Amino acid sequence: MAADLILRNARVRTLDPDRPAASAVAVADGLILAVGDERDVLSLRGPRTEVLDLAGGTLTPGLVDSHLHPFLGCEQTRGADLTGLRRLDDVLDALRAERRRCADGEWVHGYALAYEVFDGLRIGANLIEEAVGGAPALLHFFDFHTALVSSRALALAGIDGPRRFTEETEIVCRDGVPTGELRESGAIRLVARAIPEWTREQKLAAYRDTFRAMNAVGLTGAHVMIGDPELLETCRELEARGWLTLRLVVPLHQEPDIADEEVAARLGLVMERGRRWRAGSAKFFIDGVVETGTAWLLAPDTEGRGLHAFWPDPARYADLVGRFAQAGFQCITHAVGDGAVRASLDAYRSAGAAPGVRHRVEHIETLDDADLPRFAAENVVASMQPIHLEGIHADRSDPWSRALGPERCDRAFRTRDLLNTGALVTLGTDWPVARYDPRRALAWARLRREPGARGDDAYLPAQALTALEAFAGYTAAPAFTVGEETLNGRIARGFRADLTAFAADPVETDADDLLELPVTLTVVDGEVVHRAAA
């Protein structure tokens, strides 16, 4: 059988214990045909084989982000990029510039707003009205669990007072009047629905461009964290057009008020799939975020908050976990606080899992000692994003650290502790909460501080991962997480040809230099989806 593609003159880091290194790889029909030395691999060349010289660079298994929002993030990262802005004046300057770019009546958008911008201030529309010039405005905070909207946006959405929600969600009001602060997705959606939608073609083209941008930094796949039956059809259409250049695992997100009839319909979708996408997972939010007091904690935060689940009836959450688990789904739960992590683990233990399925907990920003050994013992994946530490200060002066207090801060992002218990730790970025570049995420996992800032203090440096452990968190671990360890995560004959090439070995590269390491080639399903300019 002749190869479709041969990659030669490479240092191949296979992650395959039977052949840890090689110099060439052959690909046919989307699978790895051969791994070995150049002479043997080149013997598989045929008249139509494309042969690419990697110039001594390093070829690795394709990088996979285990927690990503490529669809939602594509739609919500519009307008002013407020990343890194920590002063209100700087945010207002960015909004004024964005308003000047907008036509009359057009919505002003912004994203990645930091909570510390409002230290000592009450978050409210009054702070941004002048900057947006009376226009409707929607600004997402960096975690996308909170939004700030202008008075005009509230009016267009018909929001003139508090409302009751089935979940732990709030339109923040003062004396019965909305302030412009919206907490959690149910409240934010009320305003988002008032924004003119993209056409179907605009959305699909935007998704295509987002996937290509992710390919350019080495990503070959992602575990998507928000999805519904309609998104499965979107993936089907993108694949039919040749626009799906990431391999995706797409969940079905369950809201607290989902009807039993809808649950029953979704249970039958467990095996829905295409060549580069598949269903089979169910996503739940059991809490919110630390900064606004919506994370579910075992004891109150420093302001007396955090004692409630996002679901008004946690027993309903546990019941649905059981139903989806029995139908063969992998269950995924957003759990930031230690109380939410415990509730997730308890629900999984009661539910059980289908053969080969590992349930997973997302974020785990603070973890009680009693629950630390449960991940390994109960076969639950710890899905974590050390890159989120970029919004937290080593001196603990930030809103997140102040809200948790010192004891819980000492149990923050416990990647090392979890690995030491034998738990499977898989890594991601949660884009658009953090930038999706895997090189940046790998650096944060190894350094627990800003890469390149060698003089800065790290946040709990004893929790740092080694270079190889971090790299496994983007390759082997994602494959094991979704039960595809015999298909993905290593370079071996018969495995999928999802590959990433670098100018040098990312495991041997100093963590502070990772951001400057060029990605030279990205291959998904045997297709070259990114090739660096010569």
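The table below lists the values:
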| read-out | value |
| --- | --- |
| Matching residues, region 315-364, being surrounded by 24 or more Cβ atoms within 10 Å (Cβ to Cβ), without any contact (Cβ under 8 Å) to a residue 40 or more places away in the chain and of a type in the set (Ser, Thr, Tyr) | Tyr348 |
| Residue match in region 59-78 (condition: without any contact (Cβ under 8 Å) to a residue 60 or more places away in the chain and not in a loop (DSSP other than H, G, I, E, B)) | no |
| Residues of region 234-276 classified as among the polar types (S, T, N, Q) and more than 30 Å from Leu31 (Cα to Cα), total | 1 |
| Answer from Asp93, Asp29, Asp16, Asp37 - the residue that is acidic (Asp, Glu), buried (at least 17 other Cβ atoms within 10 Å of the Cβ) and outside the structural domain of Thr210 (by TED's automatic domain parsing) | Asp16 |
| Residue check for Tyr348: of a type in the set (Phe, Trp, Tyr), touching a His at 6+ places or on another chain (Cβ under 7 Å) and either part of a helix (DSSP H, G or I) or modelled with pLDDT of 95 or more (or both) | yes |
| Lone unmet requirement of (1) touching a Gly at 6+ places or on another chain (Cβ under 8 Å); (2) surrounded by 18 or more Cβ atoms within 10 Å (Cβ to Cβ) for Pro256 | (1) |
| Tyr436 being modelled with pLDDT of 95 or more, within 20 Å of the chain's Cα centre (by Cα) and hydroxyl-bearing (Ser, Thr, Tyr) | yes |
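The values are calculated or read from the model by the stated rules, or taken from the named source; none is laboratory data. On a predicted model such as this, the values are computed, not experimentally measured, just so you know. So basically every Cβ, Gly included, is an ideal-geometry build from the backbone, and we count neighbours across all protein chains shown.
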